[in-house]
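The values are calculated or read from the model by the stated rules, or taken from the named source; none is laboratory data. Remember, predicted model here, so these are calculated numbers, not experimental data. No Cβ is skipped: glycine too gets one built from the backbone with ideal geometry, and neighbour counts run over all protein chains shown. The accessibility values were calculated without ligands, DNA or RNA, using every heavy atom of the protein model including side chains. Shrake-Rupley method; radii C 1.70, N 1.55, O 1.52, S 1.80 Å.
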Amino acid sequence: MPRKEVTYILSTFVQQLINGITLGSVYALIALGYTMVYGILKFINFAHGDVFMLGAYIGFLAAVFLKLNLIGCLIAAMVFCAVCGIVIEKIAYKPLRNSPKISILITAIGVSLFLENFMQLIMGADSRVFPRLIEEKNYHFLHGTIVVNNKQVYLLIITIILMIVLNYIVKNTKIGKAMRAVSQDMDAAKLMGIDIDRTISYTFAIGSSLAGAAGVLVGLYYNTINPLMGVLPGIKAFIAAVFGGIGVIPGALLGGFSLGIIETFVSGYGSSMYKDAVAFAILVLILLFKPAGLLGKSMKEKV
């Protein structure tokens, strides 16, 4: 095989891998919220994708009206979404905590529709151009065959920092230990004096803040936002969480990056028309052959 052809194949592969990691980091940030809530309450918060959308709009408003830079927009979005996560849990989910799971699922879908339509009411249904918070630059490698945009670099670095912070919170702080205890056995944790309500609120706040950060990063990367932008990424992040192992934080990271890379390779070497179909096919296959996910463990229920 000629050297030029080998170089082209290698550079194309590396370029698609970089693009996949970039997309996967967004899925991973959103998937963390799904998996944290499921790990404690054992239900899927399907309104989580719309919290991601709220984060994008808060970043947009902070940039346009407050003239904040990227870090300022991230902080504003994360704080706002954390508060929204707590409010949603207190109003929508806490009264149904002992209700059948189907009631909570229907409520989550209702909250999702409410957020989407409320944002369309106050911001309009049209897409908006996200402000340029950084000056765009391209970095060329391997004689220009591999191109890395500085927005991709920012997105990946910020994602890694947030994941390190999350890992520290879960493993080394008092609230993190409480979250782990509640996820293992809520009744036992309550008997040990752990405040269950506060722990659940912290869980929603942390997961929602990560989704808010992802919203700003997506707005920065794709330059446009709209009130329905959280629907498909939210579903994809749920698939990523199930793929890696729902309820397992490392599983959410593995699932997010894996799904992003798989989608990118399908688009790059096949057709972008099939990437959504592949994502849902992965969900079906995982549920059929390994319902607990790649890193999850099947739990036997005592009767």
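All but one of (1) open to solvent by 20 Å² or more (accessible area, probe 1.4 Å); (2) in a helix (DSSP H, G or I); (3) at pLDDT 90 or above; (4) under 30 Å from Glu136 (Cβ atoms) hold for Ala279, so report the exception by its number.
Evaluating Ala279 over (1) open to solvent by 20 Å² or more (accessible area, probe 1.4 Å); (2) in a helix (DSSP H, G or I); (3) at pLDDT 90 or above; (4) under 30 Å from Glu136 (Cβ atoms) leaves (1) as the failure.
Which condition from (1) under 23 Å from Lys94 (Cα atoms); (2) of a type outside the set (Gly, Ala, Ser); (3) at pLDDT 95 or above; (4) touching a Ser or Thr at 6+ places or on another chain (Cβ under 6 Å) is the one that Asn226 breaks?
Among (1) under 23 Å from Lys94 (Cα atoms); (2) of a type outside the set (Gly, Ala, Ser); (3) at pLDDT 95 or above; (4) touching a Ser or Thr at 6+ places or on another chain (Cβ under 6 Å), the lone unmet condition for Asn226 is (1).
How many of the residues making up the stretch 219-235 are farther than 16 Å from Phe118 by Cβ and open to solvent by 20 Å² or more (accessible area, probe 1.4 Å)?
Adding up the residues that qualify gives 7.
Tally time: how many residues in the stretch 239-270 are part of a loop (DSSP other than H, G, I, E, B) and either on the phi > 0 side of the Ramachandran plot or surrounded by 20 or more Cβ atoms within 10 Å (Cβ to Cβ) (or both)?
Residues meeting the conditions: 4.
Just to be sure before I move on: is Ala211 touching a Phe, Trp or Tyr at 6+ places or on another chain (Cβ under 8 Å), in a helix (DSSP H, G or I) and open to solvent by less than 70 Å² (accessible area, probe 1.4 Å) in the structure I sent?
Considered against the rule, which asks whether it is touching a Phe, Trp or Tyr at 6+ places or on another chain (Cβ under 8 Å), in a helix (DSSP H, G or I) and open to solvent by less than 70 Å² (accessible area, probe 1.4 Å), Ala211 comes out as yes.
Residue-by-condition table, conditions (1) without any contact (Cβ under 8 Å) to a residue 40 or more places away in the chain; (2) of a type in the set (Lys, Arg); (3) open to solvent by 40 Å² or more (accessible area, probe 1.4 Å):
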| position | (1), (2), (3) |
| --- | --- |
| Met123 | no, no, no |
| Ser127 | no, no, yes |
| Pro131 | no, no, no |
| Thr145 | no, no, yes |
| Asn149 | yes, no, no |
| Met163 | no, no, no |
| Val170 | no, no, no |
| Gly176 | yes, no, no |
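Could you tell me which residue of the stretch 221-234 is nearest to Ile157 (Cα to Cα), considering only residues that are over 10 Å from the mean Cα position of the chain (by Cα) and in a helix (DSSP H, G or I)?
Filtering first and then ranking leaves Tyr221.
Looking only at the stretch 178-187, count every residue that is open to solvent by less than 40 Å² (accessible area, probe 1.4 Å) and more than 21 Å from Ala211 (Cα to Cα) and tell me the total.
Summing the residues that are open to solvent by less than 40 Å² (accessible area, probe 1.4 Å) and more than 21 Å from Ala211 (Cα to Cα) in the stretch 178-187 gives 3.
Across the stretch 100-151, what is the number of residues that are in a loop (DSSP other than H, G, I, E, B) and not acidic (Asp, Glu)?
Adding up the residues that qualify gives 14.
Within the stretch 89-99, restricting attention to residues that are farther than 16 Å from Phe46 by Cα and not in a helix (DSSP H, G or I), which residue is most open to solvent (accessible area, probe 1.4 Å)?
Filtering first and then ranking leaves Asn98.
Search the stretch 89-102 for residues that are farther than 19 Å from Ser208 by Cα and pair each with any residue that is of a type in the set (Lys, Arg) when their beta-carbon atoms are under 8 Å apart and the residues are at least 6 apart or on different chains.
Every condition considered, the pairs that remain are Lys101/Lys42.
Quick check, is Ser112 within 25 Å of Asn223 (Cβ to Cβ), open to solvent by less than 30 Å² (accessible area, probe 1.4 Å), in contact (Cβ under 8 Å) with a residue 40 or more places away in the chain and among the small types (Gly, Ala, Ser)?
So Ser112 fits the description; yes.
Checking the condition small (Gly, Ala, Ser), in contact (Cβ under 8 Å) with a residue 12 or more places away in the chain, touching a Lys or Arg at 6+ places or on another chain (Cβ under 9 Å) and over 16 Å from Thr12 (Cβ atoms), which residue from Ala279, Ala292 passes?
Testing whether each residue is small (Gly, Ala, Ser), in contact (Cβ under 8 Å) with a residue 12 or more places away in the chain, touching a Lys or Arg at 6+ places or on another chain (Cβ under 9 Å) and over 16 Å from Thr12 (Cβ atoms) leaves just Ala279.
Restricting attention to the stretch 1-56, report how many residues are under 28 Å from Phe130 (Cβ atoms) and of a type in the set (D, E, K, R).
Counting residues in the stretch 1-56 that are under 28 Å from Phe130 (Cβ atoms) and of a type in the set (D, E, K, R) gives 1.
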